[in-house]
1. Quick one: count up the residues across the stretch 222-262 that are farther than 19 Å from residue 42 by Cβ, at pLDDT 85 or above and hydrophobic (A, V, I, L, M, F, W, C).
2. Answer yes or no as to whether residue 251 is crowded, with 21+ Cβ neighbours inside 10 Å and under 26 Å from residue 57 (Cβ atoms).
3. Of all the residues that make up the stretch 66-95, how many are basic (Lys, Arg) and modelled with pLDDT under 90?
4. What number of residues in the stretch 48-85 are free of Cβ contacts under 8 Å to residues at least 40 places away in the same chain, of a type in the set (Ser, Thr, Tyr), crowded, with 17+ Cβ neighbours inside 10 Å and over 19 Å from residue 217 (Cα atoms)?
5. Considering only residues that are buried (at least 23 other Cβ atoms within 10 Å of the Cβ), without any contact (Cβ under 8 Å) to a residue 40 or more places away in the chain and under 21 Å from residue 205 (Cβ atoms), which ones fall in the stretch 96-115?
6. Do we find that residue 115 is at pLDDT 75 or above and outside any helix (DSSP H, G or I) in this structure?
7. Please work out if residue 257 is over 19 Å from residue 294 (Cβ atoms), aliphatic (A, V, I, L, M) and buried (at least 22 other Cβ atoms within 10 Å of the Cβ).
8. Return the total of residues in the stretch 101-112 being assigned to a helix (DSSP H, G or I) and more than 14 Å from residue 64 (Cβ to Cβ).
Amino acid sequence: MKTKLIAGLLLGGLLVYFSIRGIDFRDVAKHLQGIHGGYLVPVLVLMVAMQWLRSVRWGILLSPLEKVSQLSLFSVSNVGFLAIVAIPARLGELARPYLITQHSRIAMSSALGTIVVERVLDTLTVLLMAVFILMFTPAPSWMSRASGLLLFGTVSLTVLLVLTILFRGALERKAEILLGRLPERYASGALRLLHHFLDGFKAIADRGIVLRASVLSLVIWIVDALIIYLMFLSFRYQLPVSAAFVVMIILIVGIAIPAAPGFVGNWHYFCVLGLTLYGISKPDALGFAIVYHFLSLAVLLVLGLACLPFHRFTLADLRRQMTQTR
């Protein structure tokens, strides 16, 4: 965790430097004065809608384990995403699985399994979008190569998850043999953790669930691209809709690597990188990145803090829960 935190802070600081290097902030302020504020209201509405859609999809993935009320899912998701941006080293990713155990009989390791499936769906959806967009939109060669490599890796992981479900019995028998060499108290705990974790993949075995979750994933990222396009209109950019998808994809890749809390640095650098591909000046692009980042964090903070009193937890709680599931 400390290594990831240090790496994230160093990289974030470096990217902040590259984002602002050579920029006169008077130019940034000048561009910000020309914003059309009327587009920001639907941007905020869509950001909240995106959070709601994420919670609906998570409920679908959790449904083979237990039906959880949509209100609880939305509330837990808001606190979970707040934790992701606030807690360093991605430890916040454990918040949602931990909190859902407080509102259901679902084991934390099983909930973690659904998060893995959710991430795979997100990555597959975005990369398939990237492949489609790159067929019709000129893009730098590095983006094409990176998208191809990520797509290959994600498809491989998807195949592995499917094989895990199909041959779960054999996998658990092999694990039982291997873990049988350990002392009983460790072996039983490890087998229980594996069993619960694999339970989180149950959604993959149901074609109806996979279809509904996949459609929602597509809708979620289309909404995200629409948010960026409305931001274009707010900044009076005359860019095609495809540019919103390209900026979204570049930004997603940028915040996936080690980042400081709140994705500071990563968000700004990669947002500027995406916009300058379309001829937007660096000061204007930085202003866009600052406003877009501020609005995104503001929505997460407001929703997360509003729900936080109902889902209090500490880092010690997360570590203790993980220890108990081992």
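1. 5
2. yes
3. From the stretch 66-95, those basic (Lys, Arg) are 67, 90; that's our starting set.
Now restrict to residues that are modelled with pLDDT under 90: 90.
Residues in the stretch 66-95 being basic (Lys, Arg) and modelled with pLDDT under 90: 1 in total.
4. 1
5. 97, 100
6. On the way: at pLDDT 75 or above: yes; outside any helix (DSSP H, G or I): no.
Answer is no for this residue.
7. On the way: over 19 Å from residue 294 (Cβ atoms): yes; aliphatic (A, V, I, L, M): yes; buried (at least 22 other Cβ atoms within 10 Å of the Cβ): no.
No.
8. Qualifying residue count for the region: 3.
The values are calculated or read from the model by the stated rules, or taken from the named source; none is laboratory data. None of these values were measured; they are calculated from a predicted model. Every residue, glycine among them, receives a Cβ derived from its backbone with ideal geometry; neighbour counts consider all protein chains shown.
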